[in-house]
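S.K.: What follows is a structure written as structure tokens; I'll ask about it next.
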Amino acid sequence: MTPEQLSDVVRSAVAAAVERGTLAVAVPDAVVIDRPKNPEHGDYATNIAMRLAKPAGRPPREVAEAVAAELRAAEGVAGVEIAGPGFLNIRLAKDALGRVAVQTVTAGEAYGRTDVLAGQRLNLEFVSANPTGPVHIGGTRWAAVGDALGRLLTASGAEVSREYYFNDAGSQIDRFATSLMAAANDRPVPEDGYAGAYIGEIAAQVVAAEPGLLELPDAEQQERFRVRGVELMFAEIKRSLAGFGVVFDTYFSEKTLHDSGALEKAVARLREQGHVYETDGAVWLRTTDFADDKDRVLVKSDGEPTYFAADCAYYLDKRERGFDKVVIMLGADHTGYVGRYKALVAAMGDDPATNLEILIGQLVNLVRNGEPVRMSKRAGTVVNLEDLVDAIGADAARYALARASVDQQIDLDLDAWTRKTNDNPVFYVQYAHARIASLLRGAADLGLPLGEAADVDTALLETQRESDLLRAIAEFPQVVSSAAELRAPHRVARYLEELAGTYHRFYDACRVLPRGDEEATPLTTARLWLCAATATVLANGLTVLGVSAPERM
RNA sequence: GCGCCCGUAGCUCAGUGGACAGAGCAGGUGCCUUCUAAGCACUUGGUCGCAGGUUCGAUCCCUGCCGGGCGCGCCA
């Protein structure tokens, strides 16, 4: 029995008490089930009696008595104790807990999937780095977290589309093109231009692809460098992301919004809604009507639309494509956009609370030998996605970036994440998986297959270490769904570390395979199922994070 | 000045209103002739930044302070 199943059982017990007349209260929608740290507090515990005490108008312990009386009769429940201020400590029947191992192995890759977010259509935008250079470390954090979040949301039943918005219009791209042209013609890096070795490399590729390019007038050259340069740079970005295991459903070009008249359409819609005015020759959106700090310019006095105007058009486009909710992940240096983005959604006539979600990720600092790695865009010492992968590998990079809460700044220590020791959590978790894989290979060599689910006596799994492991495994679906709902992939990583530790402790205490001349027993089989179940959860969890689950290490 | 994030063990960090606040690392003591020691056991270590408030109950919610990070363009 998993906590979710137990939650339903407890809820039914409350309903039964109400039915019987021993409790007068509205039956709650959901019952919270805890996994107590203290084994004396049973397999699971619930605070439902304390929650219902006030609405029932009775002391928590009396409510607890009424619920416990019903709960004791429930299938799979071996014992119920009332403790402390009114906790219900529940002990499951041995087999009710043990069957979790069978359920897990049987479900395989599907174990952990739920439908809690079924029916939601989400557009998940992340990375969205401009094709003027490689994906920097901040974008890399979002590549890891965003992709993991996408997998989590999908696992929880949501319909998710990953989207990468790229700016291929405007002055930043112009500066990129100018920088390429300067590099190709051996001219100095222009004012506000881009430096770094990649500029020279891209410039050379453009020249190679376009014979006679350097003989053309500057204006024509510039255009060719822009088009080809963006193309090449973007291919480079896609390649590095793919190497990181991140692929998007849609790569959305800002330029297409300009070319299709979508900006004018968006401005017209905002004007219809009555939120647009003109001052000093510019067109403004009155975002202050929607709690923004100041109004925002849509069209500059020189007639050029702003980036914000494109944001408006882009938001409208996403909504017209049928997404209920637009989720955007930004770095902490973009915190200032939240207010104006909410305002634009409201000005469009939508509800920012339901149609928009902006997730802010704090900055990443790199550390080597305890010293901060100095980063300078001008000096070309920016650490980007590929540098990080080269330094510590894709698995460690993804895990390191995904295991921290996005609200927390991270100091990513390049040495710690390459160490093959216990202070490297990704190895700790992967090692547990490889260790089980090795054990299962050993079982196969001994001619000990798992066999049929019906033939396993999981009630034999009765030691503390075994039931600890079963409870940890049972928790996984809830970890996934709550991590999805809270937009917190790091919870999965932390859970996996705990699960790995629980497994290592089990392994240390419980011999699985027969030694020497010993014969396999029913307990051998039960423990093999438990090991296989653990491996399934470790693999499913690592997959959610985009990290491999190695068979050997 | 205003907005967002952070402040929890010596260090790096978990902790969706519940029971004595947790993990890894670092320090100390042990455990490998048989399933991966990249492991495990025991042990040292806390005014959860400070002060109020809400609650049966607060590390968590609210208010105010203190300290650190980031941001506040007719840039993109």
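S.K.: What is the distance in Å between the Cα centroid of region A:412-488 and that of region A:161-175?
M.R.: If we compute the Cα centre of each part, the gap is 42 Å.
S.K.: Scan around A:Phe252 for amide H atoms under 5 Å from its own, H built in the peptide plane at 1.01 Å from N, and keep only partners 5 or more places away or cross-chain.
M.R.: The list, which skips near neighbours in sequence, is A:Tyr164, A:Tyr165, A:Phe166.
S.K.: Then there's this: FRET efficiency for A:Ala282 and A:Gln409, Cβ-Cβ distance as r, R0 = 41 Å, nearest 0.05?
M.R.: After rounding, the FRET efficiency stands at 0.65.
S.K.: Tell me the carbon and sulfur percent of the accessible area for region A:377-452, rounded to whole percent, probe radius 1.4 Å.
M.R.: For region A:377-452, the apolar C and S fraction of the accessible surface comes to 48 percent.
S.K.: Using the Karplus curve 6.51 cos²θ - 1.76 cosθ + 1.60 with θ = phi - 60°, what ³J(HN,Hα) values do you get for each residue of region A:453-459, in whole Hz, with x for Gly and Pro?
M.R.: 4, 5, 8, 8, 9, 6, 5
S.K.: Would you mind working out the magnitude of the charge dipole of chain A relative to its Cα centre, with +1 at each Lys and Arg C-beta and -1 at each Asp and Glu C-beta, to the nearest 20 Debye?
M.R.: 1040
S.K.: Further, regarding this structure: Just grab the label-to-label distance for A:Glu551 and A:Ala83, each label 7 Å out from Cα along the Cβ direction, in nm (one decimal).
M.R.: 4.3
S.K.: Mind jotting down the three principal axis lengths of chain A based on Cα atoms? Whole angstrom, largest first.
M.R.: 85, 62, 41
S.K.: Something else: Set the Förster radius R0 to 41 Å, insert the Cβ-Cβ distance between A:Glu498 and A:Glu320 as r into 1/(1 + (r/R0)^6), and round the FRET efficiency to 0.05.
M.R.: Values: r = 44 Å, r/R0 = 1.07.
Once rounded, the FRET efficiency stands at 0.40.
S.K.: I would also like to ask the following. Filter chain A for me: DSSP H helices, axial length by Cα at least 24 angstrom, mean Kyte-Doolittle hydropathy not below 1.0. List them by residue number.
M.R.: A:522-544
S.K.: If you roll a 1.4 angstrom probe over the protein chains with everything in place, what fraction of the accessible area of region A:3-92 belongs to carbon and sulfur, to the nearest %?
M.R.: After summing per-atom areas, the C and S share lands at 50 percent.
S.K.: I would also like to ask the following. Expressed as a rounded percentage, what relative contact order does region A:482-553 have, with Cα pairs under 8 Å and six or more residues apart?
M.R.: Relative CO of region A:482-553 lands at 34 percent.
S.K.: State the percentage of accessible surface on region A:171-243 attributable to carbon and sulfur atoms; use a 1.4 Å probe and exclude ligands, DNA and RNA.
M.R.: 52
S.K.: Then there's this: What order, most packed first, do the peptides A:14-26, A:515-527 have when packing is the mean number of other Cβ atoms within 10 Å of each residue? Before the final figure, lay out each step's value.
M.R.: Details: A:14-26: 16.2, A:515-527: 13.4.
Put in order of decreasing packing, that is A:14-26, A:515-527.
S.K.: Given the convex hull of the Cα atoms of region A:3-92, what is a quarter of its surface area in nm²?
M.R.: Mean projected area for region A:3-92: 5.0 nm², to one decimal.
S.K.: Mind checking the dipole of region A:421-544: about its Cα centre, +1 per Lys or Arg Cβ, -1 per Asp or Glu Cβ, Debye to the nearest 20? If you can, show how the numbers build up before the last one.
M.R.: Working: 11 positive and 16 negative charges, 95 e Å.
My answer is approximately 460 debye.
S.K.: Report Rg/Rh for region A:421-544, rounded to two decimals, where Rg is the Cα radius of gyration and Rh the Kirkwood radius. Walk me through the numbers on the way to the answer.
M.R.: Numbers: Rg = 15.0 Å, Rh = 15.1 Å.
Ratio of gyration radius to Kirkwood radius: 0.99.
S.K.: Just the number please: accessible area per residue for region A:252-353, 1.4 Å probe, all protein chains included, in Å². Don't skip to the answer; put the middle values down first.
M.R.: Numbers: 4740 Å² over 102 residues.
Dividing the accessible area of region A:252-353 by its residue count gives 46 Å².
S.K.: Among A:Pro188, A:Ile237, A:Val207, which residue has its Cα furthest toward the positive end of the charge dipole of region A:171-243, with +1 on Lys/Arg Cβ and -1 on Asp/Glu Cβ?
M.R.: Of the listed residues, the answer is A:Ile237.
S.K.: Let me ask another. Once you have a ≥ b ≥ c as the square roots of the Cα gyration tensor eigenvalues for region A:218-329, tell me rounded if a/c is under 1.5, and otherwise prolate or oblate according to whether a/b is larger than b/c.
M.R.: oblate
S.K.: Students often get this wrong: which residues of region A:494-532 have the backbone nitrogen under 14 Å from the point 7 angstrom along Cα-to-C-beta of A:Asp457?
M.R.: Zone members listed by number: A:520-527.
S.K.: Need the C-alpha centroid separation for region A:26-55 versus region A:289-357, integer Å.
M.R.: What the calculation gives is 42 Å, centre to centre.
S.K.: Moving to a separate point now. Any idea which of A:Thr22, A:Pro55, A:Gly79 is furthest toward the positive side of the dipole for region A:1-122, if Lys and Arg beta-carbons carry +1 and Asp and Glu beta-carbons -1?
M.R.: So the residue furthest toward the plus end is A:Pro55.
S.K.: Remind me, relative contact order of region A:381-472 in percent, using alpha carbon pairs under 8 angstrom and six or more residues apart? Write down the numbers at each step before the final one.
M.R.: On the way: 27 pairs, mean separation 15.5, N = 92.
This gives 17 percent for region A:381-472.
The values are calculated or read from the model by the stated rules, or taken from the named source; none is laboratory data. Treat the numbers as computed from the prediction; the structure is a model and nothing was measured. For neighbour counting, all protein chains shown are included, and Cβ atoms are generated from backbone atoms with ideal geometry for every residue, glycine included. All accessible areas refer to the heavy atoms of the entire protein, side chains included, with ligands and DNA or RNA removed. Shrake-Rupley method; radii C 1.70, N 1.55, O 1.52, S 1.80 Å.
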